[in-house]
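Bear in mind that the values in this text are calculations on the coordinates, not laboratory data. Given the structure is predicted, the values throughout are model-derived calculations rather than measurements. Virtual Cβ from ideal backbone geometry, glycine too; neighbours counted across all protein chains shown.
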Amino acid sequence: MSRIDRRRVLKGAVVGAALVGMPASLRAMSTGVQLFIYDGRFSDTRALAALRKAQGIETLDSQAQDLGHAWRGMIAQKLCGGGAVEGMTMWVDSFICETFGRDLGMKLDRGPLIAKQQLHQWVLR
């Protein structure tokens, strides 16, 4: 039996709002995602990361691991068979991913700024 409490309701609302607010082009492109990169300082990104993890997508907190090192190692290895990277980060982290992804022939599709927290939701294919 699943308990319903305030935290679960709020978490569901945040995740739902993130998905509804995601542009259709990003939603359509989120298939084939191998990795979700998020900024662990924000509850919205942590909630979306939990959802992606529940969907079987590996997650990476940009605040817990240097993205440059990750792109030279774990991310490059993960993408060697194809796939995409999705993220919800500050602009600078999305730019780092865009730059490293470009080296692999990938292109970033960045959604609109989530003004409250200066976050961008994006997909790199």
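Expressed as a rounded percentage, what relative contact order does the range 41-125 have, with Cα pairs under 8 Å and six or more residues apart? The value is 26 percent. Using the Cβ-Cβ distance between Asp103 and Gln63 with R0 set to 30 Å, the FRET efficiency works out to roughly 0.85.
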